[in-house]
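S.K.: Questions regarding the structure given below will be posed in turn.
The values are calculated or read from the model by the stated rules, or taken from the named source; none is laboratory data. Everything numeric here is computed off the predicted structure, so don't read it as measured data. Heads up, the Cβs are rebuilt from the backbone with ideal geometry, glycines too, and the neighbour counts pull from every protein chain shown. These area figures cover heavy atoms from the full protein model, side chains too; ligands, DNA and RNA do not enter into them. Shrake-Rupley method; radii C 1.70, N 1.55, O 1.52, S 1.80 Å.
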Amino acid sequence: MAYSYLGHLEVFKEVWISYVVLAFCILLSISVFVLVKGVLRFIAQAFRLALNVRETNRQRSYEESYRNRQWEDAVISRVRALPTPTQLRFKSAGSESFEVIGHDLTINELSELGAVKVINRTARGLWIILTEKGIAAVRKKSDLIY
């Protein structure tokens, strides 16, 4: 092959030079094949790794949204355990504080969940304020509250 392209050169008058060039071409093609194979394996591993990271992130987001739904359901169930006027106060409350008379246990549960913050205890009841997370949960699920 080398002789047919470069046969006009004086070096190729010797036959063994053609075999040396042929061996060099074969070795060159094998090394290129090995390099390309290594690069393709690296690309495949990087692609698999990217898919695994994507799947892990998707699973984490599903788990986080599930935990958030569970938390919201727990908050709403405790708000629904309160009397109707207090539920309406929760529904209409923003960042302002208001007084809840009685139902200390339910308010303490809401406080442990992080939905409300107890500001002060009075003789009549508790002064509370909804946290940002609590406001978001109440607004999101307000149709479940009276």
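S.K.: For region 115-137, which residues satisfy the criterion of being under 19 Å from Arg69 (Cα atoms) and exposed (fewer than 14 other Cβ atoms within 10 Å of the Cβ)?
M.R.: Here is the first cut: in region 115-137, the residues under 19 Å from Arg69 (Cα atoms) are 115-116, 130-137.
Across region 115-137, the qualifying residue is only Glu132.
S.K.: Let me ask another. Taking Lys91 and the conditions (1) outside the structural domain of Trp127 (by the TED database); (2) of a type in the set (D, E, K, R); (3) in contact with a helix residue (DSSP H, G or I) (Cβ under 8 Å, 6 or more places away or on another chain), which numbered condition does it fall short on, given that it satisfies the others?
M.R.: It is condition (1) that Lys91 fails.
S.K.: Which one of these does Ser95 not meet: (1) surrounded by 10 or more Cβ atoms within 10 Å (Cβ to Cβ); (2) modelled with pLDDT under 80; (3) among the small types (Gly, Ala, Ser)?
M.R.: That leaves (1) as the condition not met.
S.K.: Does Arg54 qualify as being open to solvent by 90 Å² or more (accessible area, probe 1.4 Å), of a type in the set (Lys, Arg) and at pLDDT 90 or above?
M.R.: Working: open to solvent by 90 Å² or more (accessible area, probe 1.4 Å): yes; of a type in the set (Lys, Arg): yes; at pLDDT 90 or above: yes.
Yes; evaluated as a whole, the condition is true for this residue.
S.K.: Considering every residue within region 65-77, establish whether at least one is at negative phi, touching a Ser or Thr at 6+ places or on another chain (Cβ under 7 Å) and open to solvent by less than 30 Å² (accessible area, probe 1.4 Å). Outline the logic, then answer.
M.R.: Narrowing region 65-77 to residues at negative phi: 65-77.
Adding the requirement that they be touching a Ser or Thr at 6+ places or on another chain (Cβ under 7 Å) leaves none.
No; the residues of region 65-77 include none that is at negative phi, touching a Ser or Thr at 6+ places or on another chain (Cβ under 7 Å) and open to solvent by less than 30 Å² (accessible area, probe 1.4 Å).
S.K.: Right, something else. What are the pairs, 6+ residues apart or on separate chains, where a residue within region 130-146 that is at pLDDT 80 or above has its Cβ under 6 Å from a residue that is loosely packed, with under 15 Cβ neighbours inside 10 Å and basic (Lys, Arg)?
M.R.: So the pair list comes out as Thr131/Lys117.
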